[in-house]
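Inspection log for the structure reproduced underneath, given as structure tokens.
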Amino acid sequence: MEKSCKICRRVGDKLFLKGEKCSSPKCPFLRKPFPPGETPKKRKFGTVSEYGKELKEVQKLKKAYLISGEQFRKIIKEALLKMGKEDVSKLLIKKLEKKLFNVIYRAGLSTSRRGAKQLISHGHFLLNGKKVDIPSIEIKVNDEIKIKEKSKNSPYFKKILPSFKKENNPPSWLKINKEKSVIKVVSEPETEDIEKQVDVPSIFSFYGR
């Protein structure tokens, strides 16, 4: 598997795949903002084709949300089937943002989506009162996610819960009960809720070729 920092350098944008390290001065992308295997002197500056631009946007979104090529094509297909009934760009973002591991990350209980996946896989959360260990499950409006009481005593949650309760600033579609450490989905995510600036129409153009 390609290392996270190399992924960011390859797509030419910070995807915050390694949590706190991505926000520090030690972030490799800040020191080497060019693709792996290249150097500033050797780098070729040419005109990027439309296909190349579209492919870059596809890779950026896939890598940011840790989605495989097959999963991504399935999501694109589902969105295109609803074309005309709903804005496909908004639908794509909604489906990605509503993945359970993304909700945990966006709520501030993990510094990265990869870390959120691991926490869910280890069974630290309840979804509507029931244990859940599938990171890719798609949540719905009015769903509630909470940390298992037993898990709150683990070293990880003892460390992160203080900042989760004090410094948390989640997106508008999530409501946090800081006292009970409960995350509630109160509305659908919108295109502007996405963290990275992505040209979503070009992604559909790529898959429409």
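The values are calculated or read from the model by the stated rules, or taken from the named source; none is laboratory data. The structure presented is a predicted model; accordingly, all values stated were derived computationally and were not measured. Methodologically, a virtual Cβ is constructed for each residue, glycine included, from the backbone with ideal geometry; neighbour enumeration extends over all protein chains shown. Remember, those area values only see protein heavy atoms, side chains included, never the ligands or the DNA or RNA. Shrake-Rupley method; radii C 1.70, N 1.55, O 1.52, S 1.80 Å.
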_How charged is the neighbourhood of residue 178? Take every other residue with its Cβ under 11 Å from the Cβ of residue 178, and add Lys/Arg as +1 and Asp/Glu as -1._
+2
*Skip the ligands, DNA and RNA, and give the accessible area per residue of segment 86-209 with a 1.4 Å probe, whole Å².*
52 Å²
*asked:* A 28 angstrom limit on the alpha carbon distance is what I want to check against. Which of 74/152; 82/130; 90/117 exceed it?
replied: 74/152; 82/130
_In 5 Å bins starting at zero, report the fraction of Cα pairs in segment 121-174 per bin as a rounded %._
4, 16, 23, 24, 24, 8, 0
_Under 37 °C and 0.692 mPa s, how fast does segment 87-201 diffuse according to Stokes-Einstein, given a Kirkwood radius computed over C-alpha pairs? Answer in µm²/s, whole number._
229 µm²/s
*Taking all protein chains as present, what is the carbon and sulfur share of the accessible area of segment 69-199, in % to the nearest whole number, probe 1.4 Å?*
48 percent
*List the trypsin sites (Lys or Arg not before Pro) within segment 57-102 that fall in a DSSP loop (any state other than H, G, I, E or B) and whose Cβ has at most 10 other Cβ atoms within 10 Å.*
85
